[in-house]
1. Hey, any idea what % of the range 31-78's accessible area is carbon plus sulfur with a 1.4 Å probe?
2. So what's the range 60-100 giving for Rg/Rh, alpha carbon basis, Kirkwood Rh from the mean inverse pair distance?
3. Could you report the accessible area of His54 in Å², rounded to 10, computed with a 1.4 Å probe on the protein chains as they sit in the structure?
4. Considering the values (1) 26, 20, 14; (2) 25, 15, 12; (3) 29, 18, 12, which represents semi-axes √(5λ) of the Cα gyration tensor in Å as calculated for the structure under consideration?
5. Report the trypsin sites (Lys or Arg not before Pro) located in the range 17-102 that are in a DSSP loop and have at most 12 other Cβ atoms inside 10 Å of their Cβ, or state none.
6. Apply the Karplus curve 6.51 cos²θ - 1.76 cosθ + 1.60, θ = phi - 60°, to the phi angles in the range 38-54 and return the couplings in whole Hz, x for Gly and Pro.
7. What relative contact order, as a whole-number percentage, does the range 45-107 give when Cα pairs under 8 Å and 6 or more residues apart are counted?
8. Extension gain Thr49-Leu19, at 0.36 nm per residue separation less the Cα-Cα distance, in nm?
Amino acid sequence: LDLSHNALTGPLPASLSSLKRLVRLDLSSNLLSGHLPVTLSNLPSLAGTLNLSHNRFTGNIPSSLGSLPVTISLDLRYNNLTGEIPQVGSLLNQGPTAFSNNPYLCGFPLQNACPENPKVPTTKQRYSTVLCYV
């Protein structure tokens with residue numbers, strides 16, 4: 001299923017996980033948002049590509065994605081994902097390119113270490129300036 005380069009918006013529908021015979025899913029270069037659903041791991045036939053790059057997904061990468069087949073080529077580049085990349089299953093087989101350009105994502109295989117006490121600034125904190133007068 002290739003729905004890349006459209007103007008699709010909103011979160012991924014929960015019903016996507018009912019496509020049990022889906023081999024390849026490319027939703028790249030859209031305006032999709034929200035968290036990556038844990039139910040993506042319920043696609044047992046996925047063996048080729050799971051491309052969710054160039055969207056607006058936020059939040060952590062669910063560790064359940066590690067249960068996808070080892071042969072999967074995962075692409076989560078250019079989103080707003082945060083936190084540490086789970087070190088489980090097929091997620092261990094992905095190179096750094098699969099996770100690049102997510103400014104608040106950390107851990108292996110990326111070159112940036114995760115902070116001891118992760119605190120990701122909110123959008124408001126990143127773009128506001130506080131002026132103090134004494």
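The values are calculated or read from the model by the stated rules, or taken from the named source; none is laboratory data. Keep in mind it's a predicted model, so treat the numbers as computed, not measured. When we count neighbours, we look across all protein chains shown, and the Cβ atoms used for this are built from the backbone with ideal geometry, even at glycine. The area values use the complete protein model at the heavy-atom level, side chains included, leaving out ligands, DNA and RNA. Shrake-Rupley method; radii C 1.70, N 1.55, O 1.52, S 1.80 Å.
1. Answer for the range 31-78: carbon and sulfur cover 55 percent of the accessible area.
2. Answer for the range 60-100: 0.91.
3. 80 Å²
4. Derived directly from the coordinates: (3).
5. Those satisfying the criteria are Lys20, Arg21.
6. 4, 5, 4, 6, 8, 10, x, 8, 4, 9, x, 10, 10, 10, 10, 6, 6
7. Once divided by the residue count of the range 45-107, the mean separation gives 36 percent.
8. 9.3 nm
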